[in-house]
Amino acid sequence: MRTVAQCVEAGLVDGSKLHVDASLVDADAAKESVIKGTPELITALKRAYRATESKLEESSTPGTYQAVNDRMMSKSDPDAALVRKGGGDSRPRYQNHRVIDDQKGVVTATETTPGSIAENKKLMTLIDQHQSNTRSQVQTVVADHKYGTAENFVACQERGITTHLGDALGKAQHGRERTIFGDEAFTYAPLHNIYRCPAGQTLKPRRMHPIRRTIEYKAPARVCAVCVLRAQCTRSHHGRTVQRHEKQALLDVARVQANSRAAWRNRRRRQHLIERSFADAANNHHFKRARWRRLWRQQIQDYLIAAIQNVRILLAHQNPKPSAVALPASITRLQPGFAY
């Protein structure tokens, strides 16, 4: 975006620390426009809608976005995904993913997706967009626990980015029953590639999960069955298992950063910066409701809103209001004989 470059030239963007979040936008489609069917039927209908639109207009919805709502589709806006927000009803929605620079709150990157695309899936592409727009290298990324997945932690560490993300992994473990040992109670022996449980028994590697990229370590069921700590360790009759990421060392560093005091302070600041940005967009620029239909048009709307917000930030800092300290000097110029 040209407005980002102008803000960079004006010294309003530092670029090294960014804040990430996403917000749902109601599509210009009613709940009643949603139809249900088999995945094959919905796929055929979406293909037909795109073909019809391409005949009527020069532009059409890109075919590269991720497929969503395999069994449901809005006849009014087939690109929007049926999503529930809070305790309300499900309705067609888009999701705006946004990056805010730490220095002055400039919007440095934005992407629009159907509402069902998970927020954490867009973190790395937003970082790439931020770096391209600002011509700067990200040093710290700040986001809530929805972004704090193993995939994002490892990807950031591999790029040398400090991860002040909320720790979703720790949050999940914290939610478990207190009577059950967490994975942190097990000691890893790198020399033999095994885990030792609190009772001193051995858990050996068994298999790799192809999607999570974690290795499962398991204790024999017969050993767990007679263990005196079994009630505190597992409810399974097949023996206790522990998961270890294939890049666990990077993951451990990332989680230490995520739970640091500095990360806590940055996430507090993030709430102020990014929520203010979304609130300003909603209150002043019709952000929470789509003006047009189809994904590419919604992307245009989100680009325009972000650009306008950046222009307002740019103008506010190029034309600062006269300060109270400067007032006596102006009075002196108006009244040469004034003594103070």
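The values are calculated or read from the model by the stated rules, or taken from the named source; none is laboratory data. Note that the coordinates shown come from a computational prediction; the quantities given were computed from them, not determined experimentally. Counting neighbours? That spans all protein chains shown, and the Cβs are built from the backbone with ideal geometry, glycine included.
Any residue at all in the stretch 125-134 that's aliphatic (A, V, I, L, M) and in a helix (DSSP H, G or I)? Among the residues of the stretch 125-134, at least one is aliphatic (A, V, I, L, M) and in a helix (DSSP H, G or I), which makes the answer yes.
In a residue-by-residue description of the stretch 251-260, the property of being touching an Asp or Glu at 6+ places or on another chain (Cβ under 9 Å), surrounded by fewer than 16 Cβ atoms within 10 Å (Cβ to Cβ) and part of a loop (DSSP other than H, G, I, E, B) applies to at least one position.
Annotation note: Cβ proximity below 7 Å between a residue of the stretch 175-193 that is closer than 15 Å to LEU229 by Cβ and at pLDDT 80 or above and a residue that is among the charged types (D, E, K, R) and in a loop (DSSP other than H, G, I, E, B) (sequence gap 6+ or interchain) occurs for GLY182/ARG176. Among the residues of the stretch 159-173, is any crowded, with 17+ Cβ neighbours inside 10 Å, in contact with a His (Cβ under 7 Å, 6 or more places away or on another chain), small (Gly, Ala, Ser) and in a loop (DSSP other than H, G, I, E, B)? Yes, that holds for at least one residue. Across the stretch 78-90, the number of residues qualifying as buried (at least 20 other Cβ atoms within 10 Å of the Cβ) and within 28 Å of HIS272 (Cα to Cα) comes to 1. Among the residues of the stretch 207-228, those identified as loosely packed, with under 11 Cβ neighbours inside 10 Å and either touching a residue at least 24 places away in the same chain (Cβ under 8 Å) or over 17 Å from HIS238 (Cα atoms) (or both) are PRO210, ILE211, VAL228.
On inspection, CYS233 passes the criterion of being in contact (Cβ under 8 Å) with a residue 40 or more places away in the chain, touching a Cys at 6+ places or on another chain (Cβ under 8 Å) and surrounded by 18 or more Cβ atoms within 10 Å (Cβ to Cβ). GLY200 satisfies every condition listed in (1) part of a loop (DSSP other than H, G, I, E, B); (2) at pLDDT 90 or above; (3) within 33 Å of the chain's Cα centre (by Cα) except (3).
Can you tell me which residue in the stretch 283-313 is surrounded by the fewest Cβ atoms within 10 Å (Cβ to Cβ), limited to those that are among the charged types (D, E, K, R) and within 25 Å of GLU9 (Cβ to Cβ)? Selected residue: ARG312. Residue check: SER23 meets all listed conditions (1) modelled with pLDDT of 65 or more; (2) of a type outside the set (A, V, I, L, M); (3) part of a helix (DSSP H, G or I) but one, namely (3).
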